[in-house]
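Okay, structure first, notes after.
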Amino acid sequence: MGKKSFFGHAALWALCLAAAACYPGYRLAQNYIAGRMEAQLRTETESILQALHTAILQKSVLLRKAARDAEEYWAVGDLPGCRALPPRYVTSYDAATGLGLSLSAGDSPDKEALAVYAYRDEGQPKTLEAFPDYVGDGMSWDGTSWDKKSPASPQWMPFRRQSLTGAPTVTAVCPVCTADRRQVGTAVLDTNIFELQKLVTARGLPPSLMVDVLDGSGTILASSRPAALMRPMAPNTSSDLARAIKTALSEREGELLYTDGVETIRLVFGTAPETGWKVCMRSRVRDDFQNVKWFWENDVRVYSCCGFHTVRRSAASAGAKNSEALSPGGEPKPAPPGRGRRFSPIPNSTK
């Protein structure tokens, strides 16, 4: 009995020592994975913000150019030129699908107010009675005019239903001014939110990662969960999610943890400076290792003249793992063009 007791105590002590030695290593690995997850979420958030910035910049440049053209036509009293402006832009630029122009009757040569809209699908301008109003930002706007040296920038309005078509849109508004910088009207450019949705779905993220683009009121403009579009991100409740989203809407960027039932959720968010829209990425903490592994397998760091940046592998270049998947009959699937191991020998090749 004494010998058995000795070996039993020795085995128990060995297990305790092994556990004591492994626990710090486990905690170190856990902290490393958590840090990598936060870094990957921040990188992905910045990538989506960059895609939004590119799309917004394109729309803003077109809208500002249309407003300046309208000012020139208005200055010489060319109402036909003003009426032809929206359809001409729609025909010339893909990004100008929903361009509209509204001018007051005050300075018009024939005292006629002008409100026209143009769409690529319809091809004809239409009168629109209610245009969104431009509200100055207080820096270049004094209530009646803009500083010539600081022309007003396009202002992005909250989510709305387009009054002519009922399409879900976000609208950019830019003032049309006279030579002495008095406002005589507005130029608007509608963007269907499904254009923004494509920027999110193009990332090809796994289901374990959730991403949402919110306007200033918390309405979802784009999401990895299509059923959530056009709904408030967090209803007016006291839930942890509502408090987390309230924090994200009030701050520029950051990371935080909140509890959704029994799940701990990691939230990383950033802000598009031109619009104030928020990009929020969420991941369950228990999925950290799975998600970090997914990023390692699907992201490639490449170098260009602008430095290192991350490129997402496409489905066509997923590698040998996809090419070796079995077909229903049990035979390996032939690799489609562009797939397969790199530098593999060519069958039956001869030198």
Only one residue in ASP180, ASP190 is part of a loop (DSSP other than H, G, I, E, B), among the acidic types (Asp, Glu) and either closer than 30 Å to GLY77 by Cα or at pLDDT below 90 (or both), so which one is that?
-> ASP180
Can you name the residue in region 86-128 that is hydroxyl-bearing (Ser, Thr, Tyr) and buried (at least 21 other Cβ atoms within 10 Å of the Cβ) and, of all such residues, is modelled with the lowest pLDDT?
-> TYR119
Within region 266-282, can one find any residue that is among the charged types (D, E, K, R), in a loop (DSSP other than H, G, I, E, B), under 20 Å from the mean Cα position of the chain (by Cα) and modelled with pLDDT of 85 or more?
-> yes
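The values are calculated or read from the model by the stated rules, or taken from the named source; none is laboratory data. Because the structure is a prediction, the values reported are computed rather than measured. Don't worry about glycine lacking a Cβ; one is built from the backbone with ideal geometry, like all the others, and counts go over all protein chains shown.
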